[in-house]
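> Sharing a structure with you now.
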Amino acid sequence: MLRMRGVISIMVIAVGAIGAGIGAYAIESMIHEREQKIRQLTAEIIEEQERITVLEADWSYLTRPSRIQSLSQEMLSFSPIETQRILTLDMLDGQEGAETERKNDLYRIKVIEGDG
Amino acid sequence: MSIWRRMLKKLVEVPREDARATAKTRLALPFTLGTAAFLMVGMQLVVLSFADAKVPLRLSQQEAVTERGKIYDRQGRVLATSLPAYELYADPRTIMNPYEVTAKLSDLLPHLTEEKIFSLITRNSNYAELSWRVSPAVYAKALERGIVGVYGRKRMTRFYPQKNEAAHVIGIVNKDNHGLTGIEAGLEDTLAKGEDVHLSIDIAVQAILRQEIQEEINNFHAIGGAGVVLDVQTGEIIALASLPDYNSNIYNQANTDAKFNRATKGVYELGSTFKIFNTAMALDSGRFSANDMIDVVSPLRVNGRPIDDFHPEKKPLNVAEVMIVSSNKGSARIADALGQEIQQKYLTELGLLDRLSLEIPEVASPLYPSRWKRLSTMTVSYGHGISVTPTHLASAVASVVGDGNRVYPSLLKGGLKKDFDEQVFTRETVNHIRAIMRRVVTHKRGTGKYADISGYVVGGKTGTSEKIVNGRYSKKLNITSFVGVFPSHDPRYVVVVMVDEPKGQKFSSYYATGGWVAAPAVGGFIRRAAPMLGVAPVNEKSPKIRPFLEVNSPQLDAEVQNASY
């Protein structure tokens, strides 16, 4: 009886030990896999960051003011706004401001008519 | 027999009848130990599966390289950044057919002739640098052609997308990415740590300033120029240009003159712009009021040297009028009455006698007489005999027209944080100077008419001085300058433009003065840049503004009236 109990307990322990071993191995390989994944992601992040830096520099290069200016002069008929055409709110209630605004409206209408 | 042997025998040899009991006891120990060990492993497994991974991940840290920080302008536009590039080199010992390799490389390396490439790849060595920096695209082409014996090594190199714009401010690095000039050198520690730097410069405003100065240099066949735009309240430098300049990406091709920063390292006699300070100290010291009359008619001689005016006056003028018509005689007489002590006190408080303090290494100390005599006091009042950088002038003028506190210039966004204010001028003095500066631009007898832009209430002061060549004043070569502020009733920005050696042209009636050369550049700048800087045009005649710009100038007004009728 005593011997039987001993055998059972040894078997239980053996099964437990094997289970624990398998578990530990599984966890370890999982960790390894994840580490691999992290390494891969880190490499991808660095690559992306590098590409962002390149694109940022490219954007800055392409939008440099002198280039925008020459492109605008070449392709658009824009010119700097005349100061008379920039009004602040407190100028609107004054007679003078309102007068300028009215002139601007007339000017705009003329431009539209001219286009048509 | 040793004692050990006997003890072991005693332990092992047990009486037969007790054998079973002994065996049981002996087995109990390893059995317990074994169980305990497995239990511990099991528990550890359970604990690990529930615990958070607080252990730092070594992996990701290892691969993160600290890249040199980027330089941005105040709007977040990239001014300097590090990009991957390839160092292209050859191992001549492994090259079998140098003719074929030369042919394959020649169009990829436009900076080298075919002869040069051939001599590089045939030399007796195992390393020959072909280019220290080629773009990834060129490197990819080289790989595609499968040239045996030619290799690339990836390295981060500095790239300046804005080319010439603000080149002197940004500076450059050497091949090892250590800052050599400009912000790259001045903030080397910060950038090397991988931290980004945000400058006070606005690159769009910078482009306008540079263009306007360049235009005047072209118009007057000048040899160079400089400009500074300063925020009056914070001391932030919004734009800083020095011409001629260079493309930072090909710095080694630039000549010495282009590399020189005229705005912060060059010192010049900036002439009558100093009358702003002379008038301010006259009023602020309480020795003069704006209406006090000054003799600008009778001849003035000191130590046998005459002090003359560009445009001789026929009647005495008041203190404000002396500045409006820019009379040297009047300024000298005012300074003489104030004395050397008061003059030096104010100039020191304005920082005009100290080395320029800025975040770049290219700064200069002013030049002024070591023995400051009576004549020096008189000539310094109109900017003669004292040389400062254009940036000195800009910050000193900001101190006069701001709130009277000293303004320290800075190239960093947000400016320098001050613990306390250093008041130089009273509010009353500030208001007087603002109004007089506006009158310099609007009055018929004023010298700064070409800087007037309707709606922006521009104020300013011109300066023209003879250039010092080999220690002597040249009669032909001038330094012309203009310092503008806008809007005059509540100044937000100071603009200084200096043009070096302009030559009088037919259209300027052969004049090459500050009013003709530098003032139009400031005017042109304000016309284009004010909307970008968020300054709205105003109606100057409105009762909210007009009272702030009143100047009593009866003598000049009468003169103009008589001339027109």
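The values are calculated or read from the model by the stated rules, or taken from the named source; none is laboratory data. For clarity, every value in this text was computed on a predicted model and none was experimentally measured. Reconstructed Cβ throughout: ideal geometry from the backbone, glycine too, with neighbour counts over all protein chains shown.
> Restricting attention to region B:105-120, report how many residues are within 25 Å of B:Pro84 (Cα to Cα) and surrounded by 15 or more Cβ atoms within 10 Å (Cβ to Cβ).
Selection size over region B:105-120: 7.
> Condition first: touching a residue at least 60 places away in the same chain (Cβ under 8 Å), within 14 Å of chain A (Cβ to nearest Cβ) and under 25 Å from B:Pro92 (Cβ atoms). Can you find one or more residues in region B:133-153 that meet it?
Looking through region B:133-153, none of the residues is touching a residue at least 60 places away in the same chain (Cβ under 8 Å), within 14 Å of chain A (Cβ to nearest Cβ) and under 25 Å from B:Pro92 (Cβ atoms).
> Read through the list (1) assigned to a loop (DSSP other than H, G, I, E, B); (2) on the phi < 0 side of the Ramachandran plot, then give the number of the only condition that B:Ser272 fails.
Condition not satisfied by B:Ser272: (1).
> So how many residues does region B:172-231 have that are free of Cβ contacts under 8 Å to residues at least 24 places away in the same chain and either touching a His at 6+ places or on another chain (Cβ under 6 Å) or assigned to a helix (DSSP H, G or I) (or both)?
Residues meeting the conditions: 4.
> Might you let me know whether region B:321-328 holds any residue that is over 26 Å from the mean Cα position of the chain (by Cα), in a helix (DSSP H, G or I), among the charged types (D, E, K, R) and surrounded by 23 or more Cβ atoms within 10 Å (Cβ to Cβ)?
Going through region B:321-328, the residues over 26 Å from the mean Cα position of the chain (by Cα) turn out to be B:321-328.
Within this subset, residues satisfying the condition of being in a helix (DSSP H, G or I) are B:321-324, B:328.
Subset that is among the charged types (D, E, K, R): B:321.
Checking the rest, the ones that are also surrounded by 23 or more Cβ atoms within 10 Å (Cβ to Cβ) come to B:321.
Yes, region B:321-328 contains at least one residue that is over 26 Å from the mean Cα position of the chain (by Cα), in a helix (DSSP H, G or I), among the charged types (D, E, K, R) and surrounded by 23 or more Cβ atoms within 10 Å (Cβ to Cβ).
> Next up: Among the numbered criteria (1) free of Cβ contacts under 8 Å to residues at least 60 places away in the same chain; (2) surrounded by fewer than 21 Cβ atoms within 10 Å (Cβ to Cβ), which single criterion is violated by B:Gly404?
Single failed check for B:Gly404: (2).
> Within region B:309-320, identify whether any single residue is touching a His at 6+ places or on another chain (Cβ under 8 Å) and within 23 Å of B:Ser481 (Cα to Cα), and answer yes or no.
The answer is yes; a qualifying residue exists.
> As an exercise: evaluate B:Leu88 against (1) in contact with a Leu (Cβ under 6 Å, 6 or more places away or on another chain); (2) not in a strand (DSSP E or B) and give the number of the one condition it does not meet.
In the conditions (1) in contact with a Leu (Cβ under 6 Å, 6 or more places away or on another chain); (2) not in a strand (DSSP E or B), B:Leu88 misses (2) alone.
> Quick one: which of B:Leu57, B:Leu79 is modelled with pLDDT under 85, surrounded by 13 or more Cβ atoms within 10 Å (Cβ to Cβ), not assigned by TED's automatic domain parsing to the domain that holds B:Ile237 and not basic (Lys, Arg)?
Going through B:Leu57, B:Leu79 in turn, just one is modelled with pLDDT under 85, surrounded by 13 or more Cβ atoms within 10 Å (Cβ to Cβ), not assigned by TED's automatic domain parsing to the domain that holds B:Ile237 and not basic (Lys, Arg): B:Leu57.
> So which residues in region B:161-171 are away from chain A (no Cβ under 14 Å) and part of a loop (DSSP other than H, G, I, E, B)?
Matches in region B:161-171: B:Gly171 only.
> Mind listing whichever residues of region B:339-352 are buried (at least 17 other Cβ atoms within 10 Å of the Cβ) and either among the hydroxyl-bearing types (Ser, Thr, Tyr) or within 24 Å of the chain's Cα centre (by Cα) (or both)?
Hits for region B:339-352 are B:Tyr346, B:Leu347, B:Glu349, B:Leu350, B:Gly351, B:Leu352.
> Here's another thing I want to ask about it. Being at pLDDT 85 or above, in contact with an Asp or Glu (Cβ under 6 Å, 6 or more places away or on another chain) and polar (S, T, N, Q) is the requirement here; does B:Thr122 meet it?
No: the conditions fail for B:Thr122.
> Ok, one more. For region B:144-160, what are the residues that are within 19 Å of B:Tyr99 (Cβ to Cβ) and outside any strand (DSSP E or B)?
If the condition is that a residue be within 19 Å of B:Tyr99 (Cβ to Cβ) and outside any strand (DSSP E or B), then B:Arg145, B:Gly146, B:Ile147, B:Val148, B:Gly149 are the ones that fit.
> Taking the options B:Gly463, B:Gly515, name whichever one is part of a strand (DSSP E or B) and in the same structural domain as B:Thr379 (by TED's automatic domain parsing).
Every option except B:Gly463 fails the conditions.
> It is to be established whether one or more residues within region B:346-361 are assigned to a helix (DSSP H, G or I) and of a type in the set (S, T, N, Q).
Within region B:346-361, one or more residues are assigned to a helix (DSSP H, G or I) and of a type in the set (S, T, N, Q).
> What is the residue count in region B:62-114 for residues that are free of Cβ contacts under 8 Å to residues at least 60 places away in the same chain, more than 14 Å from chain A (Cβ to nearest Cβ) and among the small types (Gly, Ala, Ser)?
Counting residues in region B:62-114 that are free of Cβ contacts under 8 Å to residues at least 60 places away in the same chain, more than 14 Å from chain A (Cβ to nearest Cβ) and among the small types (Gly, Ala, Ser) gives 2.
> Another one. Taking the condition of being aliphatic (A, V, I, L, M) and more than 9 Å from chain B (Cβ to nearest Cβ), how many residues in region A:46-68 meet it?
At the first step, the residues of region A:46-68 found to be aliphatic (A, V, I, L, M) are A:46, A:52, A:54-55, A:57, A:62, A:68.
Checking the rest, the ones that are also more than 9 Å from chain B (Cβ to nearest Cβ) come to A:52, A:55.
The total comes to 2.
> Now for a different question. Of all residues in region B:537-552, count the ones that are surrounded by fewer than 16 Cβ atoms within 10 Å (Cβ to Cβ) and within 12 Å of chain A (Cβ to nearest Cβ).
Residues flagged as surrounded by fewer than 16 Cβ atoms within 10 Å (Cβ to Cβ) and within 12 Å of chain A (Cβ to nearest Cβ) within region B:537-552 amount to 4.
> Filter region B:378-411 down to residues that are of a type in the set (Phe, Trp, Tyr) and more than 17 Å from B:Thr348 (Cβ to Cβ), then give me how many there are.
So the answer is 1.
> Okay, next question. Quickly run through region B:436-494 and pick out the residues that are among the polar types (S, T, N, Q) and either in contact with a strand residue (DSSP E or B) (Cβ under 6 Å, 6 or more places away or on another chain) or within 14 Å of B:Val401 (Cβ to Cβ) (or both).
B:Thr447, B:Thr462, B:Thr464, B:Ser465, B:Ser474, B:Asn478, B:Thr480, B:Ser481, B:Ser488
Residues are listed down the side, and each one gets a yes or a no for (1) surrounded by 12 or more Cβ atoms within 10 Å (Cβ to Cβ); (2) within 30 Å of B:Ser135 (Cα to Cα); (3) more than 10 Å from every other protein chain (Cβ to nearest Cβ):
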residue	(1), (2), (3)
A:Ala20	yes, no, no
A:Ala24	yes, no, no
A:Ser29	no, no, yes
A:Ser70	no, yes, yes
A:Ser79	no, no, yes
A:Thr83	yes, no, no
